[in-house]
Structure formats: structure tokens, C-alpha cells
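Report on one structure; see the data block that follows.
The values are calculated or read from the model by the stated rules, or taken from the named source; none is laboratory data. It should be emphasised that the depicted structure is a prediction, and the values quoted were computed from it without experimental measurement. Positions of Cβ are generated from backbone atoms using ideal geometry, with glycine treated the same way; all protein chains shown enter the neighbour counts.
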Ligand code: GDP
Ligand code: MG
């Protein structure tokens, strides 16, 4: 008899407004790209099923609804995240400069058990624009930043041309899964520890 456990992994996507967070998710989950700019509306998250080795994994990918402009995403957005995806636009320096803020904001709000080992991934998006001629952040600069954050994985992507999108999200799923396993092992001995964190926060929606 084969019994397979389905694992739910919560992934949140952060970065400045306009860098392509929603487009990357749409490309990954729906295989669609739209040139039109519209603030995200509707569901808080989309899901995608995938199999990694012998595990069935449901990625629950949370998008912002444009509130990232005001940096007020609320505690429910961050709560229980298994992986944080940071996105910047390789053609916009400011979107790279604010990565530190997003990184710190995540750690502050999500408050993971071990901030040093919590899985982050960086995506440098819109590499298709102008054949790369309008690019202002070099791959080296991005990789140096990742190295300074404890070797964060890095992918250069295009949501428009569907470059590296599947590869990036597969890495995201694997990294989150690896972290989840470690947590399972850690919590096995101390189940009470969970209740304490559950009680903090405000509403339970
Ligand atoms: P968000 O605010 O981070 O969610 O960004 P959106 O996904 O809404 O994208 C902002 C704008 O950039 C939209 O007009 C998209 O069509 C466009 N865009 C997103 N990703 C890419 C990309 O990889 N290449 C190009 N050329 N445009 C993109
Ligand atoms: Mg969006």
C-alpha cells in the first residue's frame, strides 16, 4: 500500500511595486503574461501542485495586492511562511537598493525561528528588456549581495519571455521543503512550542 503525504508550503513574494511579482506568478501558475499594468486584485494566493522526489507538494504562493507601496502588508501575509522570494527589476537600481529593507522587514514581521537559516531566494526580473541594454544591476552585483546574505540562491528571469521561471520556482519549492523537514524534526520533541506562536497575532483569518 502506498500512502503519500501532501505537503503545503507557503511562499511569499516581496519587492518593490512594478518589478514583476504578479507577472512571475502568473507565468508560473497560468503560463500567461500580460503587458497591462494593473494592481493585483482577487485571491490572496495561487496554488500550484508539483512533485519533488516522492513528495507531493502544494505551493501556496502569496501575492500582495499593491500594498507593498505602503509597506503595510499585515501579519496574516507573513505568518507561517516557508520561503520568501525577493524580486527586483535588473533595469531599476532603486528596486535593488530596497532589497535590504524587504529582507529586514520580512525577518521582523515573520519572525522565523532561525533568521540566519530561513530560506530566501532572489529573482532579478525583466532581463528581456531592450535585449539587456538598459540593465543597471550587473549579475555580479546581485550575486555579491546574495553571498553577503549567506548564499541566497539567485535567478535571472523574464516573466514576459518565460525565462528561468520554472527553474526558479522549483528551487523555491525545494528550498522551502528542505527547511520544512528540519522544522518537523525540531518540533517533534517539543509540540507545545507551536501553541505559543499561534496565540500571538491578531485575527485568525
Ligand atoms: P508587481 O507590481 O511587482 O506585481 O509587477 P507586475 O507583475 O504588475 O508588473 C509590472 C509591469 O511590468 C507590467 O506592465 C508587466 O507587464 C511588466 N513586466 C513584468 N515582468 C516583466 C518581464 O519579465 N519583462 C517585461 N518586459 N515586462 C515585465
Ligand atoms: Mg502585483
- [ ] Return a yes/no flag: does the stretch 106-120 have any residue that is within 11 Å of ligand 1 (Cβ to nearest atom) and surrounded by fewer than 22 Cβ atoms within 10 Å (Cβ to Cβ).
- [x] no
- [ ] Quick one: in the stretch 60-79, of everything that is within 11 Å of ligand 1 (Cβ to nearest atom) and under 12 Å from residue 44 (Cβ atoms), which residue is modelled with the highest pLDDT?
- [x] 63
TODO: Would you check if there is a residue in the stretch 131-139 being within 16 Å of ligand 1 (Cβ to nearest atom), free of Cβ contacts under 8 Å to residues at least 12 places away in the same chain, in a loop (DSSP other than H, G, I, E, B) and out of contact with any strand residue (DSSP E or B) (no Cβ under 8 Å at 6 or more places or on another chain)?
DONE: yes
Task: Pick from the stretch 159-170, criterion within 16 Å of ligand 2 (Cβ to nearest atom) and buried (at least 21 other Cβ atoms within 10 Å of the Cβ), ranking: farthest from the chain's Cα centre (by Cα) - done: 159
- [ ] Could you please tell me which pairs satisfy a Cβ distance under 6 Å, a separation of 6+ or placement on different chains, a first residue in the stretch 37-56 that is within 16 Å of residue 180 (Cα to Cα), and a second residue that is modelled with pLDDT under 85?
- [x] 56/4; 56/6
- [ ] Give the stretch 79-128 a look and list any residue that's on the phi > 0 side of the Ramachandran plot and within 16 Å of ligand 2 (Cβ to nearest atom), or say none.
- [x] 126
